[in-house]
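Structure first, commentary second.
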């Protein structure tokens, strides 16, 4: 027979970080063109990656289901090739944006910093 004993254990006092003053404004991304571009590029990069994955997998599925038909196999190969070319274009454009951002002194490829600067509890819309 197993008997569990319970006891009161003090875990200390919880304190929040910061000043304790709620600031309902958006800071960071909405206040700079750099932050807005960064968020857009991050979103489009993820979207392009997902589109590549779906397009490539759909082509692979078509190839698998072609049943030896040369026309269907060629169509599937073209679709997979086009998906890979699209991904290469996205990667090259990402590199071009890194060069442009470096030349302008902006960190355009860091959407994480812009996202972390947002206050999710804000009711104030981002005004451009």
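The values are calculated or read from the model by the stated rules, or taken from the named source; none is laboratory data. Just so it is clear, the model here is predicted, and its values are computed rather than measured. Here the Cβ positions follow ideal geometry from the backbone for every residue, glycine too, while neighbour counts run over all protein chains shown.
Data for the structure
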item	result
Candidates 93, 122, filtered to the one that is closer than 22 Å to residue 43 by Cβ, more than 20 Å from the chain's Cα centre (by Cα) and either surrounded by 13 or more Cβ atoms within 10 Å (Cβ to Cβ) or modelled with pLDDT under 90 (or both)	122
Residue that is surrounded by the most Cβ atoms within 10 Å (Cβ to Cβ) [pool: residues in the range 98-114 that are in contact with a helix residue (DSSP H, G or I) (Cβ under 6 Å, 6 or more places away or on another chain) and assigned to a helix (DSSP H, G or I)]	114
Residue 67 being over 27 Å from residue 96 (Cβ atoms) and outside any helix (DSSP H, G or I)	yes
Test result for residue 41, modelled with pLDDT of 70 or more, surrounded by 11 or more Cβ atoms within 10 Å (Cβ to Cβ) and either touching a helix residue (DSSP H, G or I) at 6+ places or on another chain (Cβ under 9 Å) or part of a helix (DSSP H, G or I) (or both)	yes
Breaking point among (1) crowded, with 16+ Cβ neighbours inside 10 Å; (2) out of contact with any helix residue (DSSP H, G or I) (no Cβ under 7 Å at 6 or more places or on another chain); (3) without any contact (Cβ under 8 Å) to a residue 60 or more places away in the chain, for residue 80	(2)
